[in-house]
Amino acid sequence: MSKYNIPHHVAIIMDGNGRWAKNRNLPRNNGHEEGLKTLSKITPKVFDAGVKSLSVYAFSSENWYRPKNEIKHLMDLFEKAIESNFQYMVDNRIKFNLLGNIKKFPSSLQKKIKNLEEITKKNRDYNFYLAANYGSKEELIFAAETLRDSTSKITEKSFKNAFYAPHLPDVDLLIRTGGETRLSNFLLWQSAYAEIYFTKVLWPDFKPIHLKKALEFFSGKIRKFGKIN
Ligand code: FPP
């Protein structure tokens, strides 16, 4: 894939787990389990392609309105995901970053998240951002609240510095699976100039070939950032 112009930061809205399960008459939770398997397979492919930062939308601030049993299952899956990918992150010098407010998460999950962040904090080669209990509007309000009493002039830079993860780079390529064509409150500020790739493929069915197509889509774009050539 190295012949392509590679995005620095790829963000993924992993949609379609529920429909994948429904199509097979399985409970929605099975769809999330398959979704986790897909994430574990796709993550190394993203970094192998030369991408330096990967953000995935695992749980939005609106997902609390889902049935209790689905929320519990997702929390359990997050713990499982951290345990099973712990060594991979350490071995591959990937810095793990949590994006969002995890105070409402079970304390065992919070501990695992903080531990992985701590252990990988010096890693510089790659960044993995797990957006969990994340909402872009909340992040913008959080930044505004943080700066509310500041007497200095608010600039783009100082505003961004008050985000959950100030070092999160702008998104170059945003991929949304599952056929919907919306951003669903994910990285709204950071995606201001993102190239957006929508695919009907449901997340559990997303394979390296689909990633390749998304990267090809990106490499064909001329990015002007509002300017002319
Ligand atoms: C959206 O599909 C998916 C989610 C809300 C959860 C994403 C979780 C995973 C991919 C698995 C675990 C991931 C990590 C990082 C541990 P949906 O349920 O809205 O699907 P639907 O639109 O078909 O109903």
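The values are calculated or read from the model by the stated rules, or taken from the named source; none is laboratory data. Computed from a prediction, not measured in an experiment: that's the story for all the values here. Heads up, the Cβs are rebuilt from the backbone with ideal geometry, glycines too, and the neighbour counts pull from every protein chain shown. These area figures cover heavy atoms from the full protein model, side chains too; ligands, DNA and RNA do not enter into them. Shrake-Rupley method; radii C 1.70, N 1.55, O 1.52, S 1.80 Å.
Looking at region 50-124, which GluC sites (Glu not before Pro) are in a loop (DSSP not H, G, I, E or B) and have at most 16 other Cβ atoms within 10 Å?
Working: sites: E62, E70, E79, E83, E117, E118; in loops: E62.
When the GluC sites (Glu not before Pro) of region 50-124 are filtered for loop state and at most 16 Cβ neighbours within 10 Å, E62 remain.
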Handout entry: Along principal axes, Cα extents of region 114-229, largest first, whole Å
Key = 50, 44, 28
Practice task
Once you have the Cα-Cα distance between H167 and K103, take 0.36 nm times their residue separation minus that, and quote the gain in nm to one decimal.
Solution key: 20.9 nm
Practice task
Quick one: among S107, S191, S136, which has the greatest mean-square fluctuation in a GNM of the chain with alpha-carbon springs under 10 angstrom?
Solution key: S107
Practice task
Grab every C-alpha pair in region 13-57, bin the distances at 5 angstrom width from 0 up to the longest one, and report whole percents.
Solution key: 6, 22, 25, 19, 14, 9, 5, 1
Exercise for the section: Enter the Cα centre distance for the pair region 15-80 and region 174-229, rounded to the nearest angstrom. Expected result: 18 Å
Practice task
Would you please report the Å³ per residue occupied by the convex hull of the alpha carbon atoms in region 41-174?
Solution key: 131 Å³
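Once you have the Cα-Cα distance between W189 and N123, take 0.36 nm times their residue separation minus that, and quote the gain in nm to one decimal. Kindly include the intermediate steps, with their values, before the conclusion.
Working: separation 66, 0.36 × 66 = 23.76 nm, distance 2.55 nm.
Working it through step by step, the gained length comes to 21.2 nm.
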Handout entry: For the chain, accessible area per residue (1.4 Å probe, heavy atoms of protein chains only), Å²
Key = 54 Å²
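Which pairs break 21 Å Cα to Cα here: K45/K104; K112/K160; K37/K80; K72/K103; K122/K212?
On the way: K45/K104 32 Å; K112/K160 27 Å; K37/K80 11 Å; K72/K103 15 Å; K122/K212 30 Å.
Among K45/K104; K112/K160; K37/K80; K72/K103; K122/K212, the Cα-Cα distance tops 21 Å for K45/K104; K112/K160; K122/K212.
Please sort by residue number the chymotrypsin sites (Phe, Trp or Tyr not before Pro) in region 1-77 whose DSSP state is loop and whose Cβ has at most 15 other Cβ atoms within 10 Å. Spell out each step's value before the answer.
Working: sites: Y4, W20, F47, Y57, F59, W64, Y65; in loops: Y4.
Within region 1-77, the qualifying chymotrypsin sites (Phe, Trp or Tyr not before Pro) (loop, at most 15 other Cβ atoms within 10 Å) are Y4.
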Exercise for the section: Calculate what fraction, in whole %, of the accessible area of region 1-139 sits on carbon and sulfur atoms when a 1.4 Å probe is rolled over the protein chains. Expected result: 50 percent
Handout entry: Filtered chymotrypsin sites (Phe, Trp or Tyr not before Pro), region 156-229: DSSP coil and at most 12 other beta carbons within 10 Å
Key = Y193, F225
Fill in the blank from the handout: 1/(1 + (r/R0)^6) with r = Cβ-Cβ of I141 and Y88, R0 = 30 Å, i.e. FRET efficiency to nearest 0.05, evaluates to 0.30
Handout entry: FRET E, pair R66, E216, Förster distance 41 Å, beta-carbon r, rounded to 0.05
Key = 0.75
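In whole Å and largest first, what semi-axes does the C-alpha gyration tensor of region 86-163 yield when each eigenvalue is scaled by 5 and square-rooted? It would help to have the intermediate numbers written out before the result.
Details: eigenvalues 153, 54, 19 Å².
Listed largest to smallest, the semi-axes of region 86-163 are 28, 16, 10 Å.
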Practice task
May I have the convex hull volume per residue, in Å³, for the Cα set of region 1-87?
Solution key: 112 Å³
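Give me the percent of Cα-Cα pairs in the chain that sit more than 23 Å apart, rounded to a whole number.
The proportion of pairs with Cα distances above 23 Å equals 49 percent.
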Practice task
Once you've got the GNM for the chain with C-alpha springs shorter than 10 Å, pick whichever of I102, I119, I154 has the biggest mean-square fluctuation.
Solution key: I154
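Can you tell me the mean projection area, over all orientations, of the convex hull of region 51-122's alpha carbons? Units nm², please. It would help to have the intermediate numbers written out before the result.
Working: hull surface 20.3 nm².
The number I arrive at for region 51-122 is 5.1 nm².
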